[in-house]
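Notes to accompany the following structure.
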Amino acid sequence: MIRCPNRRARASAVPPLRATFAALCANLVGIGLARFGYTPLIPAVIAALGVMLLYLSLPIGLYGSVGILIIAYCYRFATTTRLARAGFLQIHKELEEASAASGARWLATLRRVLIPLMLPALSAGFILLFIVGVREFTMPLVLYSQDNVVLSVLLWQLFQSGQPALSAALASIIVAVVLPVIFVARRTLARRTLAE
Amino acid sequence: MLTVKGLAKSFPTAEGAVRAVHGVTFCIAQAQCYALLGPSGCGKTTILRCVAGLERAEEGSIAIGGRVVSDGDSFVPVHERAIGMVFQSYAIWPHLDVFDNVAYPLEVERPRVARAEIEKRVNDVLALVGLQTMARRPATRLSGGQQQRVALARAIVRRPSLLLLDEPLSNLDARLRDSMRRELSRLIRQIGVTALFVTHDQVEALSLADRVAVMDQGRIVQEGAPADIYERPKSLFVARFLGAANVLAGRVEERDCQGRVRIALDGGGHRLTLVAEDRPGARVHVVLRPEDLMLSALAPADDRNAIPGRIVAVAFQGSSVEYEVDVGGSALLRVFARPQADLTRGTPVWIGIDTRRVAIFGSAEGSVAVDSI
């Protein structure tokens, strides 16, 4: 016969297991959607909750760290990989083949032809990622704890705790950081478009 | 120099594997210029890519300069083959300037080539293609002809034993194509490289190559010297592909003891008497080259091989005029002739046919639609 302690242990083990399983499924679905380019379909709150549930139940110390934010952001930013992919597809196949036909090994082709040609798409993706990342609010709000408060969450906290002056100052800092990046990006990307 | 034996290659598609090339065998001698000529989709580019090593053949062997680079179990990758290749799109790297594009094959060469040596060889080859003043021009600022020269310079800078050209002139406009064709011919002969090029343009193939292989549906259907192929096509396909030929369908009516046959042409009810092997009753196709036909306003004395018709279109082309003549059948006959003032649209004319210049093909290809290419 299975005695009480055992049964109790089993009963207490079931809900977290079930939650883990559910979170895992949700994450898999999320990854699947992301794989096929449907990431924008998942609301950020749902994605953040899914990540939270999963890493709360997994015995790896990611929850509450910056790591979990990185993982959560990956969902959101999968679009950028589409951008890089588009950049890669834009490279005419013969440009790559011409390198091999010139006697270059694969690594030399990658280093001297493919990466330089992809650089504009890669840097555009990076800048987009940077801007979206800085203003991301929903997911860090769901996932923050003591050690991983990001600027946007801090701004909100300051505002909530009745410190509008401080939050305004922080907002100014955020703008001051993002603005030059956008400015430079617009200049270089516009020039590239003109050159083409 | 290049030996290709029994080459076969197929590509997977939604409807199963499609054989792009089967049983192709040919040889190119040292310093020879060889053309693979055929319509798009005939497999000529696939052969070129197999020789380059960009595709792997399923069957057959390829040997470049006596070294087997591809057969049943061995495959030498592209970058280890001593080739130079000019791509259809030219594939000039847009992030490099002219000099760096041309220097690239030397820069990636191992063991390393000394910088001074690279500069000397690149400058030499740029001078050869007439781009010495443009070494530092960005690749994005080049005209079509200049891109072609850069692509050629890049392909020959390593002094390859085999030069491969994929539709080298198809991206140029007509006038530039003519001058580049002559220049390409001069360059290939000057550096004495063995060249294999593919083209769908018969003028290009006939004027550039020492030998031409005409391809259809993955096979070589005829191979030979340009003049030979043009004068003696072995099949209706080759005859039609090599010139803007007129093709008339007909039936052999009778054959006399001297080997002459009388052919009744479909449609107009005209008859031709020619020397041929075909038996009475056989369906035949008669191929008439536009430049072998003679136009006259008066009926010739011997009208056995003259067809009456009416001019429906006149296109003046400078040194010659292209007349289109309605002879009553379904197709119009095209005739190239010297400009004649009295032949205008609507004029009734006689088309004189030089029977020695007529090619006749039996009914094996009877299903081929009859019109002029």
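Would you mind counting up the charge near B:Phe26? Only other residues with Cβ under 12 Å from its Cβ, with Lys and Arg at +1 and Asp and Glu at -1. The partial results should precede the final answer.
Working: positive: B:Lys5, B:Lys44, B:Arg211, B:Arg219; negative: B:Glu223.
Spelling it out: positives minus negatives among the neighbours equals +3.
With runs of 4+ DSSP H residues as the only contributors, calculate the mean residue ellipticity of chain B at 222 nm using -39,500 (n - 2.57) per run, divided by the residue total and rounded to the nearest 500. Helix contribution divided over all residues of chain B: -6500 deg cm²/dmol.
Of the three principal axes defined by the Cα atoms of the stretch B:175-266, the extents in descending order read 56, 27, 26 Å. Ranked by how many other Cβ atoms sit within 10 Å of their own Cβ, fewest first, the residues B:Asp256, B:Asp278 fall in the order B:Asp256, B:Asp278. At q = 0.08, 0.10, 0.13 Å⁻¹ the log10 of I(q)/I(0) for the protein assembly as shown amounts to -0.79, -0.99, -1.25, computed by Debye summation with a single uniform scatterer per C-alpha, solvent ignored.
Compared with the rule-of-thumb size 2.2 N^0.38 Å for a compact globular protein, the stretch B:43-92 has a Cα radius of gyration ratio of 1.13. Exactly which trypsin sites (Lys or Arg not before Pro) in the stretch B:1-104 are in a DSSP loop and have at most 15 other Cβ atoms within 10 Å? Filter output for the stretch B:1-104: B:Arg56. In terms of other Cβ atoms within 10 Å, A:Ser172, B:Ser70, B:Ser161, B:Ser296 run from fewest to most in the order A:Ser172, B:Ser296, B:Ser161, B:Ser70. Under 5 Å from the amide H of B:Ala359 lie the amide H atoms of B:Val287, each residue being 5 or more positions distant or on a separate chain, with H modelled from the backbone and absent for Pro and chain starts.
Placing unit charges on each Cβ (+1 for Lys and Arg, -1 for Asp and Glu) gives chain B a dipole about its Cα centre, and among B:Ser235, B:Ala225, B:Val18 the Cα reaching farthest toward its positive end belongs to B:Ala225. Can you pull the percent of Cα pairs in the stretch B:63-193 with separation above 17 Å? Distances greater than 17 Å cover 60 percent of the Cα pairs. Site pair B:Ser40 and A:Leu24 shows an inter-label distance of 5.2 nm when each label is modelled 7 Å from Cα along Cα→Cβ.
By the count of other C-beta atoms within 10 Å, a proxy for reagent exposure, B:Ile191, B:Ile92 are ordered fewest to most as B:Ile191, B:Ile92.
Compute the signed sum of charges (Lys and Arg +1, Asp and Glu -1) over the other residues within less than 13 Å, Cβ to Cβ, of B:Glu254. Cβ neighbours under 13 Å give a net charge of +3. The distance between label points at B:Arg251 and B:Glu291 comes to 3.6 nm (points 7 Å beyond Cα on the Cα→Cβ vector). Evaluating kT/(6 pi eta Rh) at 25 °C and 0.890 mPa s, with the Kirkwood radius of the stretch A:115-196 over Cα pairs in the Stokes-Einstein relation, gives 167 µm² s⁻¹.
How long are the three semi-axes of the equivalent ellipsoid for the stretch A:53-105, computed from the Cα gyration tensor as the root of 5 times each eigenvalue, in whole Å, largest first?
Its equivalent ellipsoid spans semi-axes of 41, 14, 7 Å.
Give me the net charge for the shell around B:Val129: Cβ to Cβ below 12 angstrom, other residues only, Lys and Arg +1, Asp and Glu -1. Charge balance near B:Val129 sits at +1. The stretch B:243-365 has equivalent-ellipsoid semi-axes of 26, 14, 13 Å, by the square roots of 5 times the alpha carbon gyration tensor eigenvalues, sorted largest first.
Here's how it looks for B:Glu58: its modeled amide H is under 5 Å from those of B:Ala8, B:Lys9, B:Ser10, which are all 5 or more places away or on a different chain.
Of the peptides B:84-90, A:103-109, the ranking by mean beta-carbon count within 10 Å, highest at the top, reads B:84-90, A:103-109.
Extension gain, B:Gln30 to B:Arg345: 0.36 nm times the residue separation minus the Cα-Cα distance gives 108.2 nm.
Among the GluC sites (Glu not before Pro) in the stretch B:248-301, those placed in a DSSP loop whose Cβ has at most 12 other Cβ atoms within 10 Å are B:Glu277. Short to long, the 20 Å bins of the Cα pair-distance histogram for chain B hold 25, 46, 25, 4 percent of all pairs.
Quick note: the coordinates plus some simple rules give every number you see, no bench work behind them. What you see is a predicted model, and the numbers here were worked out from it, not measured in a lab. Neighbour counts run over all protein chains shown; Cβ positions are idealised from the backbone, glycine included.
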